[in-house]
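Read through the structure below, which is laid out as structure tokens, and then see the notes.
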Amino acid sequence: MKIHEFQAKEILRKAGVAVPQGIVARSGAEAAEAFRKLGGPLAVVKAQIHAGGRGKGTIKDNPKQHGVELVRSPEDAARVAEGLIGHPLVTIQTGPEGQTVRQVLVEQGCDIARELYLGIVVDRASAGPVLMVSSEGGMNIEDVAEKTPELIYKEKFNPAVGLEGYQARKLAARLGLTGPSLASAEKFMKGLCRVFVQSDCSLAEINPLVVTGAGELLALDAKMTFDDNAMFRHKDLAEYRDISEEEPAEVRAGQAGLSYVKLEGNIGCLVNGAGLAMSTMDLIKLHGGAPANFLDVGGGANVDQVTEAFRILLSDKNVKAVLVNIFGGIMRCTTIATAVLAAYKSVGFNVPLVVRLEGTEVAEGRKILADSGLAIISADGLTDAAKKVVAAVA
């Protein structure tokens, strides 16, 4: 689960991690009032969307309007907010259509002496969290890793213990932090690591992490994502979910117990099993097609779920054909064939449907489809299915 920057900063502030003062605004008038309340001569208006690269991003119909801008008066704050709210912001992570900005964060300016990078991820190799820091704050960490990997320092820590003092001091020393900054860094790093573990985060990133003129460390930006499978333990965090920032079809699929990810192709895929779904998409690409989605209905899908899966697939206007690829292990092919027919009649297909069945009771399942009298293209094997569905949209 992703959350907005202002929400991540709320979590950090409660945990004692230093962040600038800021106020969320949903109109130009609210942005102007936020500037007045902050009381400083300088503030920053920041678009709030679930995507990175906002500072370099621009409004789709106004390339001069960036997603993050400095303002020096209430009037400036109102102008920038009005230029962002209600408009699609295009960044390196949104695609050409951009994401609509529905709110902005008006944040007090600060005295920046240095910009650093700090992030925590789960390291699969060591099966635990790792804290990463770099002197190259404000840059994409992927670019730093590619061009100057020697500037990234890592420290694994035990989630049951948290980051220990000596580990924080070692990383701070590598960043050249001394005096008040050293003590501030230790407090900041230990606090962020504690939040990461306690909140079941999958990512926590502060970029940039700034050192102020007074030597204090401050999270100028904050990005946090959480493990969806752990949300039953965090009812408070579930309230941060912003469905308007998510793909509607993916939200709908999740409510039906389906695993769905929208893609940019024109061949809808309905498969049972994540590995088989990935293989199906690979075969479609191999034979010249383009999958429109990843959709795993799981091993125990029922008629209602299969019907909803078809509705979701056909709601995508780009879909010109659908491939159903089922390997009946736990689930019998007869069950799937019956579900496919019921869903076909309920939904009403207007695009070609290719079905490949294999596994338990496969002969009986294929016979059910063949005897249905419906315009269903049967495939013998995955390669045959991929070729037939690609040919159907040619």
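The values are calculated or read from the model by the stated rules, or taken from the named source; none is laboratory data. All values derive from a computational prediction rather than experimental measurement. Cβ sites come from the backbone with ideal geometry, for glycine too, and all protein chains shown count toward neighbours.
Only residues that are crowded, with 18+ Cβ neighbours inside 10 Å and closer than 16 Å to Pro291 by Cα: list them for the range 341-355, please.
Within the range 341-355, Pro352, Leu353, Val354, Val355 meet the criteria.
Taking the residues in the range 340-367 that are in a loop (DSSP other than H, G, I, E, B) and either more than 19 Å from Gly265 (Cα to Cα) or modelled with pLDDT of 90 or more (or both) as candidates, determine which candidate is farthest from the chain's Cα centre (by Cα).
Glu361
Is there any pair with a first residue in the range 162-181 that is surrounded by fewer than 21 Cβ atoms within 10 Å (Cβ to Cβ) and a second that is basic (Lys, Arg) whose Cβ atoms are under 8 Å apart and which are 6 or more apart or on different chains, and what are they?
What qualifies is Gly162/Lys190; Gly162/Arg194; Gly165/Lys190.
For Ala301, are the conditions met, namely being assigned by TED's automatic domain parsing to the domain that holds Ile376, within 20 Å of Phe349 (Cβ to Cβ), modelled with pLDDT under 95 and in a loop (DSSP other than H, G, I, E, B)?
The answer is yes for Ala301.
Tell me, please, whether a residue that is in a strand (DSSP E or B) and either in contact with a Leu (Cβ under 7 Å, 6 or more places away or on another chain) or in the same structural domain as Lys387 (by TED's automatic domain parsing) (or both) can be found in the range 306-314.
No - not one qualifying residue is present in the range 306-314.
Return only the number of the condition from (1) of a type in the set (Val, Ile, Thr); (2) closer than 22 Å to Gln93 by Cβ; (3) buried (at least 16 other Cβ atoms within 10 Å of the Cβ) that Ile243 does not satisfy.
Going through (1) of a type in the set (Val, Ile, Thr); (2) closer than 22 Å to Gln93 by Cβ; (3) buried (at least 16 other Cβ atoms within 10 Å of the Cβ) one by one, Ile243 breaks only (3).
May I ask you to list the residues in the range 315-339 that are closer than 16 Å to Gly273 by Cα, assigned to a loop (DSSP other than H, G, I, E, B), touching a residue at least 40 places away in the same chain (Cβ under 8 Å) and touching a strand residue (DSSP E or B) at 6+ places or on another chain (Cβ under 7 Å)?
none
Inside the range 368-394, can you point out the residues that are part of a loop (DSSP other than H, G, I, E, B), touching a strand residue (DSSP E or B) at 6+ places or on another chain (Cβ under 9 Å) and under 16 Å from Gly265 (Cβ atoms)?
Across the range 368-394, there are no qualifying residues.
Name the single residue, out of those in the range 51-71 being among the charged types (D, E, K, R) and closer than 13 Å to Leu105 by Cα, that is modelled with the highest pLDDT.
Among those that are among the charged types (D, E, K, R) and closer than 13 Å to Leu105 by Cα, it is Glu69.
May I ask you to say which residue of Pro41, Pro20, Pro74 is touching a helix residue (DSSP H, G or I) at 6+ places or on another chain (Cβ under 9 Å) and within 19 Å of Ile112 (Cβ to Cβ)?
The match here is Pro20.
Yes or no: Gly28 under 25 Å from Glu97 (Cβ atoms), without any contact (Cβ under 8 Å) to a residue 40 or more places away in the chain and outside the structural domain of Arg194 (by TED's automatic domain parsing)?
no
Out of everything in the range 328-340 that is surrounded by 20 or more Cβ atoms within 10 Å (Cβ to Cβ) and of a type outside the set (Val, Ile, Thr), what residue ends up being farthest from Ala392 (Cα to Cα)?
Among them, the one singled out is Met331.
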